Amino acid sequence: MPLNTAKWPMPAQEPAVRRRNFDEVALGYTEEMALQEASRCIQCKKPGCIKGCPVEVPIPEFIGLLSEKNYQGAIEKIKEKNNLPAICGRVCPQESQCEKYCLVGKKGDSVAIGRLERFAADYQLQQGIEPPPVAASTGFRVAVVGSGPAGLTAAADLARMGHQVTVFEALHVPGGVLMYGIPEFRLPKHIVQAEINSIRRMGVEIKADSVVGKMTTVDELLKNGYDAVFIGTGAGLPSFMHIPGENFNGVYSANEFLTRSNLMKAYLFPEYVTPIKVGRRVAVIGAGNVAMDAARTALRLGAEESYIVYRRSAEEMPARKEEVEHAEEEGVEFRLLTSPVEYYGDDKGWVTGMRLQRFELGEPDASGRRRPVPVEGSEYDLEIDTVVVAIGQTPNPLVPRTTSGLEVGRHGTIVASEETGETTRPGVFAGGDIVTGAATVILAMGAGKKAARAIDAYLKEKKQ
């Protein structure tokens with residue numbers, strides 16, 4: 001039987017409909033679709049896909065179980081390594097991770113590993129999540145600072161090893177960037193909380209509204225009975241361009257704009273009293289996944305026109321191809337090779353427009369992308385009601401500044417081993433965006449998994 005070289009397309013809401021609602025865009029595979037897609041896996045003897053997965057999911061094994069209609073077995077196989085499969089199946093950039101190494105992809109489309117993971121995880125969500133078994137108590141206590149992808153992964157793995165884990169989360173709801181950063185239409189919040197509740201049922205305690213660095217410190221946690229600490233506080237500090245007019249009302253960081261919408265539920269105003277005034281025209285500066293999220297959110301909040309303003313060309317855009325395509329389908333307009341040089345506003349302090357300058361691409365810079373060069377005399381004005389600056393985030397300095405003996409890098413990141421998460425402070429480990437700078441959910445999870453193994457080894461050695 002000849003191999004089907006095309007992956008099964010993902011069903012989705014129609015663009016004209018979804019651009020005005022916050023319901024999930026991708027609808028997920030039906031059972032028939034999942035079985036058809038699973039049949040494309042050729043069960044390689046030396047599967048490359050596993051090496052592309054930062055959390056080491058046994059991919060051929062779970063797909064094999066799925067193809068046999070053993071859906072419970074498939075999700076149990078995934079959860080041997082990954083405690084957040086419904087989340088990963090939605091937001092992990094599979095095309096640059098596991099699917100990149102899929103042998104089937106050499107003669108067509110790779111197997112849709114991420115979509116199959118989502119199918120298996122959604123099956124379990126419908127049946128009711130049963131948390132995996134945990135080992136007998138070791139008597140050790142571990143504090144995890146931050147409940148984003150890195151912290152949740154470390155906490156779950158440490159709990160499975162028998163350690164008593166407490167997670168400290170600064171916000172009022174656990175989940176970190178999964179809750180405040182990624183919109184409902186890409187990652188429904190009830191799914192995030194369902195997977196977090198499964199981790200709670202493994203014995204992990206989560207303390208919300210607990211700001212480590214203010215209410216307590218890492219030093220105090222170690223003095224007060226915790227045997228090790230994992231720092232996974234992410235990269236939640238917004239970056240700005242520092243151009244004239246950035247202080248006008250209506251100029252948001254992407255962090256604030258998306259947090260107001262996602263975590264504080266501005267999209268349900270007036271049921272939730274967190275309005276966002278977007279006006280008729282919104283410009284988002286940047287072209288990463290966060291920028292796409294902001295531009296698409298603006299449409300759903302009532303904007304008539306939503307722009308992506310980016311100083312390089314389409315080829316250099318860092319956003320996932322799928323996110324760019326969804327934005328285009330929904331009517332987001334791309335102003336490429338363009339960047340703002342100034343914002344202007346009215347006498348009440350509200351932004352009303354921006355001065356843009358055109359660019360052309362020169363030689364590659366340190367990032368490997370061609371450097372944008374301004375075109376002299378190319379400035380023009382664009383009327384705008386709201387600006388969202390989505391040009392990147394850096395780590396919040398609160399925890400590093402209040403922890404003694406912790407080496408910090410030039411950009412505010414904690415210096416830690418890539419393989420173990422060990423920092424310069426004994427007993428303190430770190431991973432995710434606080435170490436690497438802003439990256440992906442799955443890479444943060446991979447760091448949490450490595451750190452959990454290293455913490456377990458550290459505690460066992462401490463016991464001797």
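All of the numbers you see were taken from the coordinates with simple rules; none came from a lab. Quick caveat: nothing in here was measured; it's all calculated off a predicted structure. Cβ coordinates were reconstructed from backbone atoms using ideal geometry, including for glycine residues, and neighbour counts include every protein chain displayed.
Here are a few things to note about the model shown:
- Cα-based Kirkwood hydrodynamic radius, the chain, one decimal, Å: 23.3 Å
- Label point distance in nm, LEU382-GLU322, each placed 7 Å from Cα along Cα→Cβ: 2.7 nm
- Nearby aspartates and glutamates by direct alpha-carbon distance to LYS348 (threshold 17 angstrom, same-chain neighbours under 8 apart not counted): GLU246, GLU383, ASP385
- Spacing of the modelled spin labels on ALA208 and VAL17, each 7 Å from Cα toward Cβ, amounts to 3.2 nm.
- Checking the cross-link pairs LYS77/LYS189; LYS100/LYS449; LYS79/LYS265; LYS46/LYS449 against a 26 Å limit on the alpha carbon distance flags LYS79/LYS265 as lying beyond it.
- Multiplying the residue separation of SER417 and LEU361 by 0.36 nm and removing their Cα-Cα distance gives an extension gain of 16.6 nm.
- Amide hydrogen neighbours beyond the local backbone of GLY236, cut-off 5 Å, H modeled: ASN396
- Distance between the C-alpha centres of segment 12-73 and segment 265-326: 27 Å, rounded to the whole angstrom.
- Among ALA136, GLY286, PRO149 the positive-end extreme of the charge dipole of the chain (Cβ point charges): ALA136
- Cut-off 19 Å (backbone N to label point 7 Å along Cα→Cβ of LEU103), residues of segment 22-61: 37-53, 57-61
- Segment 313-359: trypsin sites (Lys or Arg not before Pro) in DSSP loop, at most 15 other beta carbons within 10 Å: LYS348
- In the chain, taking the dipole from charged Cβ atoms about the Cα centre, the farthest positive-side position among PRO9, PRO270, LEU84 is held by LEU84.
- Per residue, the chain reaches -9000 deg cm²/dmol at 222 nm when only DSSP H runs of four or more residues are counted, each adding -39500 (n - 2.57).
- The alpha carbon convex hull volume per residue for segment 307-426 rounds to 180 Å³.
- Per-pair calculated FRET efficiency, R0 = 22 Å: LEU237 and SER404 via Cβ, rounded to 0.05: 0.55
- Judged by the gyration tensor of its Cα atoms, with axes a ≥ b ≥ c, segment 198-350 is prolate; a/c meets the 1.5 cut and a/b is the larger of a/b and b/c.
- When +1 charges are put on Lys and Arg Cβ atoms and -1 charges on Asp and Glu Cβ atoms, the dipole computed for segment 332-464 relative to its Cα centre reaches about 1000 debye.
- Karplus-based coupling profile of segment 205-220, in residue order and whole Hz: 8, 10, 9, 7, 6, 10, 8, 6, x, 10, 6, 8, 10, 4, 4, 5, with θ = phi - 60° in 6.51 cos²θ - 1.76 cosθ + 1.60 and x standing for Gly or Pro.
- Shape box of segment 144-219 [Cα atoms, principal axes, largest first, Å]: 39, 30, 15
- Segment 16-93: translational diffusion in µm²/s, Stokes-Einstein, Kirkwood Rh over Cα pairs, 4 °C, 1.567 mPa s: 93 µm²/s
- Relative contact order (%) - criterion: Cα under 8 Å, at least six apart; region: the chain: 16 percent
- Spin-label pair LYS460/GLU130, simplified geometry with 7 Å Cα→Cβ offset, distance in nm: 2.8 nm
- Length-normalised contact order for segment 122-198 - Cα pairs under 8 Å, 6+ apart - percent: 32 percent
- Subtracting the Cα-Cα distance of CYS44 and TRP350 from 0.36 nm times their residue separation leaves 104.3 nm of extension gain.
- Listed by chain and number, the aspartates and glutamates whose alpha-carbon sits under 15 Å from that of LYS106, ignoring those within fewer than 8 places in the same chain, are GLU95.
- Once backbone amide H atoms are built at 1.01 Å from N, GLY353 has TYR344, ILE384 as its partners under 5 Å, excluding neighbours fewer than 5 places away on the same chain.
- For the chain, DSSP calls about 40 percent of its internal beta bridges antiparallel.
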